[in-house]
Amino acid sequence: MTERETDVRSDRGRTRELFVRFASVRARHDAQPERRDAEYDELRNDLTVAHLNLVRFLALKFGNRGEPLDDLIQVGTVGLLKAIDRFDLDRGVEFTTYATPTIVGEIKRYFRDKGWAVKVPRRLQELNLAVNRANEKMAIELGRSPTVAELAERLKASEEEILEAQELGQAYNLLSLDSEVAGDGDRKSQTLADTVGTTDSGLELLEDRANLERAFHVLNGRERVIIYLRFYESISQTEIAKRLNVSQMHVSRLQAKALEKLRAELKEA
C-alpha cells in the first residue's frame with residue numbers, strides 16, 4: 001500500500017470516527033436546539049475544517065464565472081454544513097460522495113439567484129433552467145435539437161411558456177461596460193462604454209414595435225411562435241419547420257396568414 005493510500009484510509013477512518021461521535025451529540029442537540037452544546041459545536045467545526053479542501057476544490061470549478069473565489073468558498077461551505085447536518089453513516093457511502101452534490105448545488109443556486117440582470121419570477125427562472133436541461137438531454141436522445149413543441153410536451157408546459165423561458169435567459173448575467181461590441185466589416189470593435197450616451201436608432205422604432213406587440217393578440221399560439229422565431233430571432237423558415245416538426249411550406253403559409261392578420265389589425269388601430 002502506498003503512502004498516499006494509507007493517508008486516504010486514515011482520513012476516511014478519522015471522518016467516520018468523527019461522524020460516529022457527532023451522530024450521538026447531534027441527537028442530543030436536535031432535542032434541545034436552543035441550548036448551547038459545546039461538544040456539538042466542536043465536532044461540527046472539526047468536520048467542517050476537515051472538508052474545506054473539498055469545498056475549495058469544487059469552488060475552483062466555478063472560478064471562471066466572474067465571482068470571487070472566496071465568495072464561492074463561503075457559499076460552498078454553507079452546502080458543506082447542510083451535508084454534515086444531514087449525513088447518516090448508515091447510507092453506506094463516503095461523506096465526500098454524499099456532500100459533493102449538496103455543495104455544488106449551493107454554488108449553482110448562488111449563481112442562479114444572483115445572476116439574473118432583471119427581476120424575474122422564480123417560476124420562470126426555474127422553467128428556464130428546466131428548458132436548458134431538457135434541451136441538452138433531448139438533443140442527445142433525438143440526435144438533433146428538440147422542437148418547441150417537443151420541449152413543451154416533455155415539460156408539461158405551453159409552447160408560449162417555453163419561448164418566454166428561453167427569452168428570459170437573455171436577462172441572465174449583466175455584461176461589463178468593457179465588453180466588446182462587434183463592428184461592421186473591418187471596422188474596429190467598440191466596447192459597450194463607447195456606445196453609452198449615443199443616439200439609439202432603435203428608439204425611432206419603439207412605438208411601431210409596441211403597436212406590433214399589442215396586435216399579437218389576434219394570432220393563435222403557433223402563429224405567435226412562428227412570427228417570434230422568424231422576425232425576433234431571425235431564424236429561417238426551414239429551421240422553424242424542424243423545430244415545430246412541420247413542413248417548410250406549412251410554416252410559409254402560417255407566416256403569411258399571421259402577417260395578414262397583423263396588417264389588418266394595425267390598419268384598424
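Segment Ala31..Asn245, full-extension length gain: 71.2 nm, with 0.36 nm per residue of separation and the alpha-carbon distance subtracted.
Can you pick out the pairs among Lys137/Lys257; Lys156/Lys261; Lys108/Lys257 whose Cα atoms lie more than 32 Å from each other? Spell out each step's value before the answer.
Values: Lys137/Lys257 34 Å; Lys156/Lys261 29 Å; Lys108/Lys257 44 Å.
Table pairs above 32 Å Cα-Cα are Lys137/Lys257; Lys108/Lys257.
For Glu268 and Glu164, the FRET efficiency from 1/(1 + (r/R0)^6), where r spans their Cβ atoms and R0 equals 45 Å, is about 0.95.
Applying 1/(1 + (r/R0)^6) with r as the Cβ-Cβ distance of Ala23 and Arg56 and R0 = 22 angstrom yields a FRET efficiency of 0.25. Arranged from fewest to most other beta-carbon atoms within 10 Å of their beta carbon, Phe57, Phe95, Phe62 become Phe57, Phe62, Phe95.
Placing a label point 7 Å from the Cα of Asp41 along the Cα-to-Cβ direction, the residues of the stretch 75-97 whose backbone N falls under 18 Å of that point are 81, 85. Amide H to amide H distances under 5 Å link Phe62 with no residue, where only residues 5 or more positions off or on other chains count and H is placed in the peptide plane. The simple spin-label model puts a point 7 Å past each Cα toward its Cβ; for Ala130 and Arg253 those points are separated by 3.3 nm. Length gained on full extension, Val49 to Phe216: 54.3 nm, using 0.36 nm per residue less the C-alpha separation. For the stretch 20-34, putting each phi into the Karplus relation 6.51 cos²θ - 1.76 cosθ + 1.60 with θ = phi - 60° gives couplings of 4, 5, 5, 4, 6, 6, 5, 4, 5, 5, 5, 6, 9, x, 6 Hz, in residue order, rounded to whole numbers and with x for Gly and Pro. Other residues within the sphere of radius under 12 Å centred on the Cβ of Gln74, judged by their own Cβ, net out at -3 (K and R +1, D and E -1).
Computed from the C-beta positions of Arg86 and Ala157 and an R0 of 45 Å, the FRET efficiency is 0.90 to the nearest 0.05. Each label point was placed 7 Å from the Cα along the Cα-to-Cβ direction; for Val93 and Ala149 their separation is 3.9 nm.
Every number here is computed from the coordinates shown, using simple stated rules; none is lab data. Since the structure is predicted, the reported quantities are computational estimates derived from the model, not experimental observations. Cβ: placed from backbone, ideal geometry, glycine included. Neighbour counts: every protein chain shown.
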